Amino acid sequence: HSTFPQNNEPSLFDSPAERYLKARQSVQRFTVTQLGLAIFSNENSNKINISKCCISGVKSILLKYECIHEFHCQQGECSIQFLSHYGFDYNKFLKDGIPYMNEVQEKILSQHLLAGSWKVSSVLDRDVLKKAIDEVTCWIAAAEEEETMILQDLSGYQMFEVQLVLRQALQNVWTQPLGDKKVMVKKVSPQHRQLLENSPSDCCQKEFILLSARGFTNLFQTLVKAKKPLVGHNMLMDLMHLHDKFYQPLPESYEEFKRNIHNLFPVLIDTKTVTKSIWKQCPFPRVSNLLEVYAVLCSSNLNPKDPTCPVIDLASDCSRYAEKKSPHEAGYDAFLCGSVLLRSAHLLLCRSTDDAVEADPSFSHYLTVLAVYLNKVNVIRGGVSSINFSGEDVPCQHPPLLVVHVRGWPGLNERQIYQEFKALCRFDVRWLSKNQFILLSNKFNHVRRVLRDYRHHPHLRVS
């Protein structure tokens with residue numbers, strides 16, 4: 001219910017800019033825990049090969065001097081229980097999560113590294129570092145010069161943090177990563193230490209630290225440079241998180257956000273937008289869940305196993321997805337998105353021509369039939385059905401507005417009006433004047449039902 005200032009839920013009254021600002025507040029509060037990427041490449045003929053990269057855990061680099069990302073879990077469907085039910089590994093996320101940062105955070109970290117003023121603010125990392133320092137302090141008191149010891153079980157950015165902390169705290173040690181989550185600590189003389197610090201091969205130089213701290217952002221930047229079509233399902237929030245977490249903090253301006261995304265990814269395809277259209281053109285059941293859409297498109301009634309239909313081969317590291325459903329695992333959902341796109345495009349191609357589809361339809365043929373959907377990202381229950389990232393947004397054709405005039409029922413508010421009609425049908429409510437409210441629905445039959453059933457209501461006149 002979206003009629004109250006404190007409520008951020010979607011509303012049919014929302015303009016695209018209003019919806020963006022609502023979503024922006026949410027995106028800014030939440031971190032990214034999992035990102036799935038399925039890379040589809042044309043192997044040969046009509047065979048499509050999929051290389052899958054599932055980033056099972058992503059965590060932010062936390063800086064003491066700036067607002068850090070807090071870990072928020074939303075109540076309801078996206079709760080801890082929901083993710084746990086589908087096998088999300090919180091231990092792996094916290095321990096082995098891959099770091100990321102946007103351009104602003106990278107600039108801040110770079111400045112702190114140059115000034116030597118960085119601090120470790122992650123509670124988990126501080127515990128790891130305290131343990132490492134205690135081990136080295138106990139060892140070094142009795143160690144001879146050039147003796148070494150090994151610190152183990154360090155993950156990701158901790159490898160750098162442990163070395164930086166030890167070098168800063170102890171002037172007679174040198175460190176070197178060994179791989180496999182290990183760091184070698186050596187007792188050295190101050191003179192030898194000075195020589196090692198000036199070595200060009202030192203792994204703790206600024207550029208190496210930044211490369212590690214960027215983490216997944218390095219791959220994001222590669223995707224941006226590639227300029228390949230980016231496919232998602234109901235992908236507005238995904239795009240906002242990509243912008244906020246790996247590029248730049250989300251701007252206040254909705255138009256600036258659109259321009260930025262279009263520059264980053266010139267070709268967007270939202271499978272929700274595509275499949276909504278297929279409902280109208282084909283005998284397509286009205287399912288919205290991505291897994292259900294995939295199952296319907298795989299059925300023989302809609303996508304016959306003709307010789308021209310694309311064959312999707314899964315790479316060996318993700319072949320289990322062909323045997324077992326893994327809904328809400330990011331890599332699997334990414335695989336579903338690409339598969340839904342190819343099957344939808346093939347179905348549209350078959351419907352668009354009276355002649356037989358040529359033997360080896362290329363992806364360019366599919367892009368041709370998908371042209372009307374490109375850069376149109378679905379909006380759930382809003383003033384527009386989709387956001388057009390390469391042009392002007394087109395308003396929805398909603399059923400007529402209804403006006404409710406209240407008589408003999410003093411003090412009635414928007415929430416009470418909403419509750420009054422909730423049992424009969426779903427409307428969004430806006431206050432109009434002292435005794436009048438506006439109702440807006442996206443279903444004509446709901447409008448007709450209310451006009452019919454409230455014709456003789458003693459207190460509410462609906463027109």
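Sub-9 Å Cβ pairs linking a first residue in region 225-242 that is over 13 Å from Thr271 (Cα atoms) and basic (Lys, Arg) to a second residue that is assigned to a loop (DSSP other than H, G, I, E, B) and modelled with pLDDT of 95 or more, at least 6 apart or interchain, are Lys227/Phe265; Lys227/Pro266; Lys227/Val267; Lys228/Phe265; Lys228/Val267, ordered by first then second residue. Within the option set Glu252, Glu197, being open to solvent by 40 Å² or more (accessible area, probe 1.4 Å) and at pLDDT 95 or above holds for one residue only, Glu252. Picking from residues in region 315-348 that are modelled with pLDDT under 85 and among the aliphatic types (A, V, I, L, M), the one that is nearest to Phe88 (Cα to Cα) is Ala322.
When the residues of region 72-122 are filtered to those that are assigned to a strand (DSSP E or B) and open to solvent by less than 50 Å² (accessible area, probe 1.4 Å), which remaining residue is modelled with the highest pLDDT? Looking at residues that are assigned to a strand (DSSP E or B) and open to solvent by less than 50 Å² (accessible area, probe 1.4 Å), I get Tyr100. Taking the options Phe421, Phe437, name whichever one is assigned to a strand (DSSP E or B), free of Cβ contacts under 8 Å to residues at least 40 places away in the same chain and more than 25 Å from Ile261 (Cα to Cα). Going through Phe421, Phe437 in turn, the sole match is Phe437.
Scoring Glu161 on the criteria (1) open to solvent by less than 30 Å² (accessible area, probe 1.4 Å); (2) modelled with pLDDT under 85; (3) not in a helix (DSSP H, G or I) leaves a single failure, condition (3). Considered as a group, the residues in region 285-305 that are surrounded by 15 or more Cβ atoms within 10 Å (Cβ to Cβ) and under 15 Å from Cys350 (Cα atoms) include one that is modelled with the lowest pLDDT, and that residue is Asn303. If you go through region 31-54 and keep only what is hydroxyl-bearing (Ser, Thr, Tyr), on the phi < 0 side of the Ramachandran plot and either touching a Lys or Arg at 6+ places or on another chain (Cβ under 6 Å) or at pLDDT below 65 (or both), you end up with just Ser51. Among the residues of region 385-413, the ones that are part of a strand (DSSP E or B) and open to solvent by 30 Å² or more (accessible area, probe 1.4 Å) come to 3 in all.
If I filter region 223-231 for residues that are over 30 Å from Thr353 (Cβ atoms) and either of a type in the set (Ser, Thr, Tyr) or within 18 Å of the chain's Cα centre (by Cα) (or both), do I get at least one hit? There is at least one residue in region 223-231 that is over 30 Å from Thr353 (Cβ atoms) and either of a type in the set (Ser, Thr, Tyr) or within 18 Å of the chain's Cα centre (by Cα) (or both). Scan region 125-147 for residues that are surrounded by 15 or more Cβ atoms within 10 Å (Cβ to Cβ) and either of a type in the set (Val, Ile, Thr) or at pLDDT below 80 (or both) and the total you get is 5. The residues of region 401-455 that are more than 20 Å from Pro10 (Cβ to Cβ), among the hydrophobic types (A, V, I, L, M, F, W, C) and in contact with a strand residue (DSSP E or B) (Cβ under 7 Å, 6 or more places away or on another chain), listed by number, are Val403, Val404, Val406, Leu412, Leu432, Val450, Leu451.
The values are calculated or read from the model by the stated rules, or taken from the named source; none is laboratory data. Note that the structure is a prediction, hence the values are computed from the model and not measured. Using ideal geometry, Cβ is built from the backbone for each residue, glycine included, and neighbour counts are taken over all protein chains shown. All accessible areas refer to the heavy atoms of the entire protein, side chains included, with ligands and DNA or RNA removed. Shrake-Rupley method; radii C 1.70, N 1.55, O 1.52, S 1.80 Å.
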